[in-house]
Amino acid sequence: MHRRRHHERHVTGRMGWLRASVLGANDGIVSTASLVLGVAAAHADRSNILTAGLAGLVAGAMSMAAGEYVSVHSQADSEKAELDRERHELQTDVDGEHRELAAIYMARGLEPALARRVAVQLMAHDALDAHARDELGITEALRARPLQAAGASALSFAAGALLPLLVAALAPASGLLPLVFAASLLFLAVLGGIAARAGGAAIGTGMLRIAFWGALAMIITAAAGKLFGAIG
Ligand SMILES: [Zn+2]
């Protein structure tokens, strides 16, 4: 029993990052493959296709990083505000805070006397840490880290975007469109399966779902490229 619970706790922490990275890579594949197919369908030559794809990679990675930084930073701000409020309450109403923590442990199934003793001992050890963890759900392991999140998001997007770009660079000109399309679908299906597995969902459904939306995005963008290429 003890061994299983320890394993689960570790897995959960890593799964969050894995899922975020896989989803970031999916974004990179879908948006860059669609961009490459759109420009290729407008009869651009390979260097223009690669230039557009590379610009899309950098722009996408930067916008992912900016978006992630802003959203995680606002989470970090609200965590800090909560901790500041808690610190103040611990300074101004320590008895009330003892009762509050004991009530939390009682609600989790501890006997009143034991709950009070645990609250006293944990608050004597590190009151703010005990309240942050058990009252606010803020733990060191899960603290919001805006820079790391932004970096991980940009990297996973860029890693995903590189895949269709490599295919576009290596494919024969005559087969560029179908090869980028097929290879990107394959990459998406594999990543969709990994994300589903990481989240404990059905792998097949995860693969199909991302492949369907990826295919739709690529087809619509290629059609738009063909249309504008014909007009231009
Ligand atoms: Zn409290």
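What to note about this one:
- The chain - charge dipole about Cα centre, Lys and Arg +1 at Cβ, Asp and Glu -1, debye rounded to 20: 1060 debye
- Relative contact order of segment 16-227, pairs being alpha-carbon contacts under 8 Å that are 6 or more residues apart, as %: 42 percent
- Computed label-point distance, nm, for sites LEU136 and LEU216 using a 7 Å Cα→Cβ extension: 4.1 nm
- Once the C-beta distance of ASP93 and ALA66 is scaled by a Förster radius of 35 Å, the resulting FRET efficiency is 0.30 to the nearest 0.05.
- Most mobile of LEU176, LEU90, LEU186 in a GNM of the chain (Cα contacts under 10 Å): LEU90
- Most mobile of ALA154, ALA66, ALA103 in a GNM of the chain (Cα contacts under 10 Å): ALA103
- Computed FRET value (nearest 0.05) for ALA201 with ILE231, which takes r as the C-beta separation and R₀ as 41 Å: 0.45
- Helix 203-231 axis, angle to the chain major axis (alpha carbon atoms, nearest 10°): 40 degrees
- Expressed as a fraction of 2.2 N^0.38 Å, the value expected for a compact globular protein of N residues, the C-alpha radius of gyration of the chain is 1.42.
- With protein chains left intact and a 1.4 Å probe, residues in the chain average 59 Å² of accessible area per residue.
- The C-alpha atoms of the chain define a longest principal axis, and helix 146-170 lies at about 20 degrees to it.
- Potential lengthening between ASN48 and ALA173 on full extension [0.36 nm per residue; Cα-Cα distance subtracted]: 43.7 nm
- With every protein chain in place, the chain: carbon and sulfur % of accessible area (1.4 Å): 67 percent
- Among GLY214, GLY96, GLY60, residue whose mean-square fluctuation peaks in a GNM of the chain (springs only between Cα atoms under 10 Å): GLY96
- Potential lengthening between LEU166 and GLN75 on full extension [0.36 nm per residue; Cα-Cα distance subtracted]: 29.1 nm
- In degrees, nearest ten, helix 46-92 long axis to first principal axis of the chain (Cα): 10 degrees
The values are calculated or read from the model by the stated rules, or taken from the named source; none is laboratory data. Since we're looking at a predicted model, the values are computed, not measured. Cβ atoms come from the backbone with ideal geometry, glycine included; neighbour counts cover every protein chain shown. Note: accessible area is taken over every heavy atom of the protein model, side chains too, but ligands, DNA and RNA are not part of it. Shrake-Rupley method; radii C 1.70, N 1.55, O 1.52, S 1.80 Å.
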